[in-house]
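The values are calculated or read from the model by the stated rules, or taken from the named source; none is laboratory data. Predicted, not measured: the structure shown is a model, and the values here were computed from it. Counting neighbours? That spans all protein chains shown, and the Cβs are built from the backbone with ideal geometry, glycine included.
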Amino acid sequence: MGSGFLAGNDKELISKFLKISIEELENKHLEKIDLNGTEAWRPKFPKPFGPCTFYKEEVHCIIHTVKPELCRIADCNHDATQEFYKKYYQTKQKEMWQIAKEIKNE
């Protein structure tokens with residue numbers, strides 16, 4: 001099963017949807033990882049190689065209406081990490097390099 005990294009305001013949307021604080025969301029449902037030098041959050045996995053913390057057999061994804069973009073691409077059966085990385089984090093990296101170039105040229 002795939003799992004998506006959170007981006008943008010995903011934590012706020014999910015915590016609001018679940019009616020819990022961002023801190024509770026992070027502690028109970030998410031894990032922080034290093035994604036090529038960038039801090040990223042993703043859902044925890046109760047079992048190795050199983051569905052994420054938001055997947056319940058009887059209803060499937062309990063946060064479906066606010067699930068992260070990568071989860072939408074992955075659809076719980078396809079690990080779309082590379083596609084997401086290219087779309088989101090490499091874009092951010094390009095923006096940072098452009099800012100660095102602008103500062104250097106000032």
What's the number of the only condition in (1) more than 29 Å from Glu95 (Cα to Cα); (2) out of contact with any Pro (no Cβ under 9 Å at 6 or more places or on another chain) that Phe54 fails to meet? (2)
Residue ID - nearest to Lys67 (Cα to Cα), chosen from residues in segment 1-40 that are in a strand (DSSP E or B) and in contact with a Pro (Cβ under 9 Å, 6 or more places away or on another chain): Leu30
Would you pick out the residues in segment 41-52 that are in a strand (DSSP E or B) and without any contact (Cβ under 8 Å) to a residue 40 or more places away in the chain? Trp41, Arg42
Mind checking which pairs have a first residue in segment 1-21 that is hydroxyl-bearing (Ser, Thr, Tyr) and a second that is in a helix (DSSP H, G or I) and modelled with pLDDT of 95 or more, Cβ under 8 Å, 6 or more apart or different chains? Ser15/Ile22; Ser15/Glu24; Ser15/Leu25; Ser21/Ser15
Scanning segment 54-90 for residues that are at pLDDT 70 or above and part of a helix (DSSP H, G or I), which turns out surrounded by the most Cβ atoms within 10 Å (Cβ to Cβ)? Cys71
Need the failing condition index for Glu102 against (1) modelled with pLDDT of 85 or more; (2) outside any loop (DSSP other than H, G, I, E, B), just the number. (1)
